[in-house]
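Below: one structure, written as structure tokens.
The values are calculated or read from the model by the stated rules, or taken from the named source; none is laboratory data. Everything quoted here is computed from the prediction, not taken from an experiment. Glycine also receives a Cβ, built like all others from the backbone with ideal geometry; neighbour counts cover every protein chain displayed. Just the protein is used for accessible areas: all its heavy atoms, side chains included, with ligands, DNA and RNA removed. Shrake-Rupley method; radii C 1.70, N 1.55, O 1.52, S 1.80 Å.
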Amino acid sequence: MRATIKMIAERAGVSIGTVDRVLHDRPYVKAEVRERVMAVMAELDYRPNRMASALATSGTPRRFTVIQPEWGPYIQDAMADGVSRFLEERRDYNISVEVLRYPHGDTAGCLQLLDQASREHVHGIALCGSDCGEVCERLRQLAGLHVPVVTFNSDVPQAPRLCYVGEDAHHAGRVAGEIAAKFLRPGDKVLLAYSGLEYVGHKGRADGFFERLEERGFPRGDFLVAATYDSYEKTREAVSHALETEPRLRYIYMATQSVPGCVEALRRTGRAGQVRVLAHDNSPEIRRFLKEGLVDFSIDQNLPYQSYQALSVLFSAVLERRSPEQDFFYPSSTILNAETVE
């Protein structure tokens, strides 16, 4: 763990201000105190960051806000890990991050949180929101107020945001389509379950999936689609209906989070292990389903990277006046199966 000014102050028994005066060779520090502080610095292998030291004692806090849906525990915790890593690496800077959540699919709730952040004069916003006119307009208003926004996990591409951090959803969908094609024969039916088209990430997965299957010779008429909005019950009902009405259903692509609903439907109908399932992410549930053979593959999207990188871009824009060098930051997308999960 990298040493900080606060750690040095605590170990040397002095104030943070005293440590700062020693760092900058300022007067009014007793010789024995200076020697004690420098000894602690050497002991902790402290490498001073002049910019961080100045910001830490400047009394000018920088406030960032993360606005995201109320995801399930796994995604929530994974995103929180990225926020924690960001704060840990920049603990010498006077920075705070507030995470605000709105009900999944509730655009009005998202807009209210954007308005709240604007009223509170935050220095930057990391946003996962729907791609719609109202959200685009709010981001235009924030740009007019010089509040930078980075989208993550799901993009709002027509809005004036700094960049997008998250899965290349269209490519992930094509990968899913390529895997599905290996298990399908002419006439087989395929079910796609996704959250809803308002989230660019889910629409991208769907478009890429269908695109690749059509390239491999499977007509769109063989595709079934269900918008289940990450609901366990909606997913269970949609998958159960497809299994009961389509005897040639051979493959299910879960582009949404509600994989347990899909697994339950397969179990109830006695089709578990007969219909292939591809999902996303690396949650404990997904890992268990992979090991049990209830899910065949899962595409990870490195969730902690997304929140971490979104805040890192905001940090560079606000504190270092540096614009991102690219419009998209895509994490690696590992394909998981029963042999690659812990």
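So how strong a dipole does the range 227-293 carry about its Cα centre when Lys and Arg Cβ are +1 and Asp and Glu Cβ are -1, to the nearest 20 debye?
Numbers: 11 positive and 9 negative charges, 63 e Å.
For this selection, approximately 300 debye.
Once the Cβ-Cβ distance between His121 and Arg321 is put in as r, and R0 is 22 Å, what FRET efficiency do you end up with, to the nearest 0.05? Before the final figure, lay out the partial values.
Working: r = 18 Å, r/R0 = 0.84.
Plugging the Cβ-Cβ distance into 1/(1 + (r/R0)^6) gives 0.75.
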The chain: angle of helix 133-144 to the longest principal axis, Cα-based, in degrees nearest 10: 20 degrees
Backbone N under 16 Å from the Thr269 label point (7 Å along Cα→Cβ), restricted to the range 201-245: 222-228, 233-245
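I'd like the per residue volume of the convex hull spanned by the Cα atoms of the range 129-208, given in cubic angstrom.
On the way: hull volume 6.5 nm³, N = 80.
So the per-residue hull volume is 81 Å³.
Given Cα pairs under 8 Å that are at least 6 residues apart, what percent is the relative contact order of the range 293-338?
On the way: 34 pairs, mean separation 29.5, N = 46.
The value is 64 percent.
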Per residue solvent-accessible surface (Å²) - the range 124-283, probe of 1.4 Å: 39 Å²
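Heavy atoms only, probe 1.4 Å: what % of the accessible area of the chain goes to carbon and sulfur, would you let me know?
After summing per-atom areas, the C and S share lands at 48 percent.
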Estimated inter-spin distance, Arg140 and Thr60, nm [label 7 Å along Cα→Cβ]: 3.2 nm
Rounded to 10°, Cα long-axis angle of helix 232-245 versus longest principal axis of the chain: 20 degrees
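Multiply the residue gap between Glu178 and Ala108 by 0.36 nm, knock off their C-alpha separation, and tell me the result in nm, one decimal place.
Full extension from Glu178 to Ala108 adds 21.5 nm.
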Three-way shape label, the range 63-180, alpha-carbon gyration tensor, a/c 1.5: oblate
Nonlocal amide H pairs with Leu197, under 5 Å, H built at 1.01 Å: none
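In the chain, what is the count of Lys pairs whose alpha carbons are under 22 Å apart, counting only pairs at least 8 residues apart or on separate chains? Don't jump to the answer; show the numbers that get you there.
Numbers: Lys6/Lys30; Lys182/Lys291; Lys189/Lys203; Lys189/Lys234; Lys203/Lys234.
Value for the chain: 5.
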Phi to ³J(HN,Hα) by Karplus 6.51 cos²θ - 1.76 cosθ + 1.60 over the range 166-181, Hz, x for Gly, Pro: x, 4, 6, 4, 4, 5, 4, x, 5, 4, 4, x, 5, 5, 4, 4
DSSP beta bridges in the chain [antiparallel fraction, %, rounded to 5]: 5 percent
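Mind pulling the per residue volume of the convex hull built on the Cα atoms of the chain? Å³ is fine.
Details: hull volume 51.0 nm³, N = 342.
With only Cα atoms used, the chain gives 149 Å³ per residue.
Rounded to the nearest 500, what is the chain's calculated 222 nm mean residue ellipticity when only DSSP H runs of at least 4 contribute -39500 (n - 2.57) each, over all residues?
Working: 13 runs with 157 residues, N = 342.
The helix contribution divided over the chain gives -14500 deg cm²/dmol.
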Under-5 Å amide H pairs with Gly72, H placed in peptide plane, nonlocal only: none
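Projected area of the range 196-270, taken from the Cα convex hull and averaged over every viewing direction, in nm²?
Working: hull surface 19.7 nm².
For the Cα atoms of the range 196-270, the hull's average projected area reads 4.9 nm².
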Approximate spin-label separation Lys291-Arg216, in nm, with each point projected 7 Å along Cα-to-Cβ: 2.8 nm
Cα centroid separation, the range 208-263 to the range 316-342 (Å): 28 Å
Acute angle (nearest 10 degrees) that the helix 107-119 long axis makes with the longest principal axis of the chain, alpha-carbon atoms: 10 degrees
